[in-house]
Amino acid sequence: MQRILVTGGSGYIGSHICVELLTSGFQAVVVDNLSNSNREAIRRVETIAEQSVDFIQGDILDESLLRRVLEDYNIDAVVHLAGLKAVGESVSHPLRYYDNNVAGSRSLLQAMDAVGLKKIVFSSSATVYGNPSINPVAESAALNPTNPYGRSKLFVEEMLADLASSDDDWHVAVLRYFNPVGAHHSGLIGEDPLDTPNNLMPYVSKVAAGKLERLSVFGDDYSTRDGTGVRDYIHVVDLAKGHLAALNSLSTGTGVDVYNLGTGTGYSVLEVIREFVEAAGHDIPYGVVARRPGDIAECYADPGKAERELGWRAQLGLAAMCEDAWRWQRNNPEGFQ
Ligand code: NAD
Ligand code: UD1
């Protein structure tokens, strides 16, 4: 049985990946410092999968800890999600992002190199494209991140590419996520932001639950079909399955492969609100305000490469994303607390 180290595995996306790993015959070993997640998420993963996870509370900056984990658990490949992800915070505290995301990844790669383990799937983001000039966005599009968070992702992508060109034994899958949303269908795990959410779907969820008063729609004067921003929302379970497809691809070949993980379909803010109203069964108060600085009009993926090369494509639509996000919110009004 293959053993996979999942850094950041108790977080939103990592917990869903752990479920998919366990239910597909892999063993999951998680290293997470719990800076943005709760140990309870791992217990819930174990409940869903009816199998246990090896959880180690620790920091990816701790290279000797990582080295011990890789050796002690005889790890076969790494899925690397640990990192900070708040764009606004990255602008006000850039060094936190370069330290945690870039130096943290360097530490992990150093530990892997030292033990001769050279297979990794890395969580990158569509944010590396910045404001794309053409939609749908292909992997070959220009890379132009506009904030320290995005640059931290791009730097790690480049570090991985340099490593792979220095040593043919490395096999790397870089996954550029579009907008992950939704929750596991069981309603047991989902996104649990510690503060007021910045992103649309968790914010809508909290307004629907009456925990926040009303949603601000950031601008309705973009050149999109209804004037509001258009994004490629992808169900987190589909995204998690993409990681399994990527892991399977690492068993053959070498070098770096980059894949967009998105659905290929963009939805506007108003379309998301309408679908969420359907799921929740009641109105969601909202009002249009000014554009959010740094936001772009439209961004959606060309996911064709992942389908051609990994045999993966997203299966779940916007209705399932909203229904599952709502089930998670309704069943866990205080998140994992
Ligand atoms: P998350 O915050 O829920 O998960 C990240 C996890 O990493 C958390 O559990 C946190 O405690 C842990 N962590 C952070 N720094 C660490 C460190 N130094 N050592 C050990 N653990 C550490 O976020 P998520 O939404 O699950 O995102 C996972 C990854 O996917 C991140 O790398 C993120 O940048 C990337 N990503 C997320 C999105 C998104 O919209 N959620 C989009 C694109 C890319
Ligand atoms: C955010 C991140 C980006 C990351 C992406 C995927 C920012 C500035 N960017 O981008 O780096 O890769 O998530 O997770 O945080 N909206 C509202 N009201 C809200 C919140 C959002 O109208 O309260 C709108 C936005 O203007 C946008 C859409 O909803 O048009 C989606 O916003 P969001 O969920 O924050 O994602 P991104 O802007 O794509």
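The values are calculated or read from the model by the stated rules, or taken from the named source; none is laboratory data. Keep in mind that this is a model prediction, so the values were computed, not measured. Glycine also receives a Cβ, built like all others from the backbone with ideal geometry; neighbour counts cover every protein chain displayed. Surface areas here come from the heavy atoms of the whole protein model, side chains and all, with no ligands, DNA or RNA. Shrake-Rupley method; radii C 1.70, N 1.55, O 1.52, S 1.80 Å.
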Taking only the Cα atoms of the stretch 275-322, how large is their convex hull per residue, in Å³? 102 Å³
Using a probe of 1.4 angstrom, how much of the accessible area of the stretch 96-197 is carbon and sulfur, in percent? 47 percent
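Grab the alpha carbons of the stretch 1-131, take their convex hull, and tell me the volume per residue in Å³. Provide the component values of the computation, followed by the final result.
Working: hull volume 14.1 nm³, N = 131.
Taking only Cα atoms, the stretch 1-131 has a hull volume of 108 Å³ per residue.
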The stretch 203-337, accessible surface, carbon-and-sulfur percent (1.4 angstrom probe): 44 percent
Isotropic mean projected area of the C-alpha convex hull, the stretch 98-211 (nm²): 9.8 nm²
Using a 1.4 Å probe, what is the accessible area per residue for the chain, in Å²? 42 Å²
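If you wrap a convex hull around the C-alpha atoms of the stretch 61-143 and split its volume per residue, what is the figure in Å³? Provide the component values of the computation, followed by the final result.
Numbers: hull volume 9.2 nm³, N = 83.
Hull volume normalised by residue count: 110 Å³.
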State, as an integer percentage, the relative contact order of the chain based on alpha-carbon contacts under 8 Å between residues 6 or more apart. 19 percent
Can you tell me the relative contact order of the stretch 72-228? Whole percent, Cα pairs under 8 Å, sequence separation 6 or more. 21 percent
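Can you pull the percent of Cα pairs in the stretch 192-337 with separation above 28 Å?
Working: 2911 of 10585 pairs.
In whole percent, the long-distance tail amounts to 28.
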Against the longest alpha carbon principal axis of the chain, how many degrees, from 0 to 90 and to the nearest 10, is the axis of helix 63-72 turned? 70 degrees
Give the percent of DSSP beta bridges with both residues in the chain that are antiparallel, rounded to the nearest 5. 5 percent
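In debye, nearest 20: dipole of the chain around its Cα centre with unit charges on the Cβ of K, R (+) and D, E (-)?
On the way: 28 positive and 44 negative charges, 72 e Å.
So the magnitude is around 340 debye.
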Could you check which residue among GLY104, GLY14, GLY253 shows the biggest mean-square fluctuation in a GNM of the chain with a 10 Å Cα cutoff? GLY253
Rounding to the nearest 20 debye, state how big the charge dipole of the stretch 119-274 is about its Cα centre with +1 on each Lys and Arg Cβ and -1 on each Asp and Glu Cβ. 480 debye
Please report how far the C-alpha centroid of the stretch 108-144 lies from that of the stretch 1-69, rounded to the nearest whole angstrom. 21 Å
Work out how far the C-alpha atoms of the chain reach from end to end along every principal axis, then list the three figures in whole Å, largest first. 54, 43, 39
Please give every one of the lysines within straight-line cross-link reach of LYS153, meaning a C-alpha to C-alpha distance under 24 Å, and leave out same-chain neighbours fewer than 8 residues apart. LYS85, LYS118, LYS119, LYS241, LYS305
Output the 0 to 90 degree angle, nearest 10, between the alpha-carbon long axis of helix 12-23 and the longest principal axis computed from the alpha carbons of the chain. 60 degrees
Most fluctuating residue of GLY25, GLY264, GLY11 in a GNM of the chain with Cα springs under 10 Å: which is it? GLY25
